[in-house]
Amino acid sequence: MITKACPFPVLNGKIVLSSESILKNSFPDNSEAFVECAKGFERDEGPTSITCVNGVWSPVKLTCKKIDCRQPELSPHMTYYIPDGTFFGAYIQPICETGYDLEGSSHRQCLVSGWSGSAELTVCEYPDPIEHGKRVAPSEPVFNDVITYSCDDNYILVGNSSITCGEYGVYSSPPPECIGQFLELKFLLQSHTFFVLISCIE
């Protein structure tokens, strides 16, 4: 009995030949070709091979569905504008609440590996400590968070006792300083009043 080889398989757009099978020059009777989901699709169910039977390919039973990246995990004070769904190829746009700035991509795309890029809220850098003083601050200051300062005994705070994390990750003012107590002397000279600050030696 003479058997026939099969022609090169013709598949729909969702399913393609595997890289191994696409390199073959011929498909003799009873040989197999392996199929897989095209880029942007993932396996739903069914076997990944077809068989040549006397010049005719067995039906393709593999089914593929479009990759769904789903809505990305939300961060506090951030939402996403999703105009065209969350399937492969779709774009979404992260949007921050007033007073918050975006770090990262202004748009993200659903790819085979998931959402492209990243989007994070801008935070203020953790404030530097001050000499001879203490600070009270959240672990990751964000918009409207307040950092408060106080000085050790025998030191006076110069500057603002609190600073606020503002828009775009900038504080409302620089941190204050703690300096040793001063003695103020007042004297008159040629009808002018002068103030001299002399540091006390401990």
Residue of 41, 27, 87 that the Gaussian network model of the chain assigns the largest fluctuation, springs spanning Cα pairs under 10 Å = 27
Gained length - residue 77 relative to residue 131, 0.36 nm times residue gap less alpha-carbon distance = 16.0 nm
ask   = So what are the ³J(HN,Hα) numbers for the stretch 61-75, from phi and the Karplus equation (6.51, -1.76, 1.60; θ = phi - 60°), rounded to whole Hz, Gly and Pro as x?
value = 9, 5, 10, 10, 10, 5, 5, 10, 6, 6, 5, x, 4, 7, 9
query = For the stretch 1-104, what is the charge dipole size about the Cα centre, in debye to the nearest 20, if Lys and Arg each add +1 at the Cβ and Asp and Glu each add -1 at the Cβ?
reply = 640
inquiry  = Quick check on the exposure proxy: order 153, 84 from fewest to most C-beta atoms within 10 angstrom.
reply    = 153, 84
ask   = Which far-off residues, 5 or more places away or on another chain, put their amide H under 5 Å from the one on residue 41, with H placed in the peptide plane?
value = 67
message = Report the gain in length on full extension from residue 68 to residue 173: 0.36 nm times residue separation, minus Cα-Cα distance, nm rounded to one decimal.
response = 33.2 nm
remark   = Counting lysine pairs in the chain that sit 8 or more positions apart or on different chains, with Cα atoms under 29 Å apart, gives 15
message = Amide H of residue 15 versus every other amide H placed in the peptide plane: which residues, excluding those fewer than 5 positions away on the same chain, fall under 5 Å?
response = 38
query = If you line up the Cα atoms of the stretch 70-139 on their principal axes, what length do they span on each, largest first, in Å?
reply = 56, 25, 16
key: Estimated D of the chain in µm² per second, where Rh is the Kirkwood radius over Cα pairs and Stokes-Einstein applies at 20 °C, 1.002 mPa s   = 90
message = Using C-alpha positions alone, give me the convex hull volume of the stretch 15-66 per residue in cubic angstrom.
response = 62
note = Phi angles of the stretch 4-16, converted by Karplus (6.51 cos²θ - 1.76 cosθ + 1.60, θ = phi - 60°) into ³J(HN,Hα) in whole Hz with x for Gly and Pro, give 10, 7, 9, x, 4, x, 10, 10, 7, x, 7, 10, 9
task = With unit charges on the beta carbon (Lys/Arg positive, Asp/Glu negative), name the residue among 8, 157, 96 whose Cα is farthest towards the positive pole of the charge dipole of the chain.
result = 8
query = In what order do 115, 57 fall by count of nearby beta-carbon atoms within 10 Å, going from fewest to most?
reply = 57, 115
query = How large is the charge dipole for the chain, taken about the Cα centre, if only the Cβ atoms of Lys, Arg (+1) and Asp, Glu (-1) carry charge, to the nearest 20 debye?
reply = 1280
ask   = For 100, 155, 168, 91, what's the fewest-to-most ordering of other Cβ within 10 Å of each Cβ?
value = 168, 91, 155, 100
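Read-outs: derived from the displayed coordinates by stated rules, not from any lab. The structure displayed is predicted, hence computed values, not measured ones. Neighbour counts run over all protein chains shown; Cβ positions are idealised from the backbone, glycine included.
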